[in-house]
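Notes follow the structure.
The values are calculated or read from the model by the stated rules, or taken from the named source; none is laboratory data. Everything quoted here is computed from the prediction, not taken from an experiment. No Cβ is skipped: glycine too gets one built from the backbone with ideal geometry, and neighbour counts run over all protein chains shown. Ligands, DNA and RNA are stripped out before the accessible areas are found, and what is left, the full protein with its side chains, is counted by its heavy atoms. Shrake-Rupley method; radii C 1.70, N 1.55, O 1.52, S 1.80 Å.
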Amino acid sequence: MNESIPQLDTAKARLQALPISHDDPTKSSKSRGGTSGTYSILRTMARSEGIASWYRGFGAVLVGGTPGTILYLCSYDVIKNQLNKVLNDETTTSNNTRSSQQDSFAVYLASGMLAEAIACIIYVPVDVVKERMQVQSSSSSSSSSSSSSTNRLSYKSSWDALITIGKQEGLSGIYKGYGATMTSFGPFSALYFVFYEDLKTRSRKYNNQSNEINSAGSKKGDDLPMPWIVGSSATAGALASFITSPLDMAKLRLQIQRGSAASMTSTSSTEAINMIRYRGMRDCLSQVFQREGTQGLFRGAGARVLHFVPATTVTMT
């Protein structure tokens, strides 16, 4: 949830919210979520909505992002240490010959998932407010496809968005996205820590093998140099964010759908029914793949990677 470059996160949200149309020129390979598409959508937002549109929802992240990240990292360390202790005790008592590499993989995967489940208590409201702010358009000249795919509510601020969502959907409405958020953030966190810990282990081994023993008798490289930590974190963030991009896209579209349905009045119930297209994460992924192909699933993946690489690096260093 670290927002080191909020503009990229906003571009990612806008790209993911808009379906790929077969008659739309934006279906070109340059605008499906790579660097060209990211630059193009940020430029369009700046011209039609102003530079401030890049930072919509950033207030929610400033308030909830730091506590959420602290809870997340502390939970990960505590859970990882406890799981390692349990495995060590079990190995000692039963003389188990399981591979330590397999144990490490399971520990990092489970620790990442469980830490995310705890941190989502804070992350979910922040994420709901942030993403609904990001996808709303204040431009009267927005295209019809854009207006039909993005949130039509006009939230004045993150606080106004939270109050409005609370009034229309209640507290349960805010946390209704917990499952979708966990389905997206959970695998990302699990994969991130698996990649991160593995890359650090490999880097430490490489440093120990390539450096001579110093005069004190200990090997240089026992403490991994900062550049290696940065490289491990950046690489892990890039891999995990790209692999889980389809889950993040589905989560965002479900959040937009809930917001659009909640804002409909009783006189427009037919429109509300027509707008509710996805029955859940699996149904959303299935429909997007059928209608938009692989490009639709990974729409916004480039912006997501560009956002998470510095964000995870800053968080872990």
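Residues checked against (1) at pLDDT 80 or above; (2) within 22 Å of the chain's Cα centre (by Cα):
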| site | (1), (2) |
| --- | --- |
| S138 | no, no |
| T150 | no, yes |
| L153 | no, no |
| T164 | yes, no |
| E169 | yes, no |
| M182 | yes, yes |
| Q209 | no, no |
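Could you give every pair whose Cβ atoms fall below 6 Å, whose first residue belongs to segment 27-49 and is closer than 16 Å to H307 by Cα and of a type in the set (S, T, N, Q), and whose second residue is open to solvent by 60 Å² or more (accessible area, probe 1.4 Å) and at pLDDT below 90, counting only separations of at least 6 or pairs across chains?
From segment 27-49, the pairs are S36/K30.
Out of K130, K30, I need the residue that is at pLDDT below 90 and within 25 Å of M249 (Cβ to Cβ). Which one? Can you show your working first?
Values: K130 fails: at pLDDT below 90.
After applying the criteria, what remains is K30.
Of the residues that sit in segment 56-100 and are among the β-branched types (V, I, T), surrounded by 14 or more Cβ atoms within 10 Å (Cβ to Cβ) and more than 18 Å from the chain's Cα centre (by Cα), which one is modelled with the lowest pLDDT?
Checked segment 56-100; the qualifying residue modelled with the lowest pLDDT is T91.
What about I229, is it in a helix (DSSP H, G or I), open to solvent by less than 50 Å² (accessible area, probe 1.4 Å) and either farther than 21 Å from Y76 by Cα or at pLDDT below 95 (or both)? Steps first, answer last, please.
Numbers: in a helix (DSSP H, G or I): yes; open to solvent by less than 50 Å² (accessible area, probe 1.4 Å): yes; either farther than 21 Å from Y76 by Cα or at pLDDT below 95 (or both): yes.
The answer is yes for I229.
For K176, state whether it is charged (D, E, K, R), open to solvent by 80 Å² or more (accessible area, probe 1.4 Å) and either at pLDDT 85 or above or out of contact with any strand residue (DSSP E or B) (no Cβ under 6 Å at 6 or more places or on another chain) (or both).
Details: charged (D, E, K, R): yes; open to solvent by 80 Å² or more (accessible area, probe 1.4 Å): yes; either at pLDDT 85 or above or out of contact with any strand residue (DSSP E or B) (no Cβ under 6 Å at 6 or more places or on another chain) (or both): yes.
Answer is yes for this residue.
Does I5 meet the test of being out of contact with any Lys or Arg (no Cβ under 7 Å at 6 or more places or on another chain) and either modelled with pLDDT under 90 or open to solvent by less than 30 Å² (accessible area, probe 1.4 Å) (or both)?
Considered against the rule, which asks whether it is out of contact with any Lys or Arg (no Cβ under 7 Å at 6 or more places or on another chain) and either modelled with pLDDT under 90 or open to solvent by less than 30 Å² (accessible area, probe 1.4 Å) (or both), I5 comes out as yes.
Residue under question is R279, and the condition is that it be assigned to a loop (DSSP other than H, G, I, E, B) and at pLDDT 80 or above; does it hold?
In short, yes.
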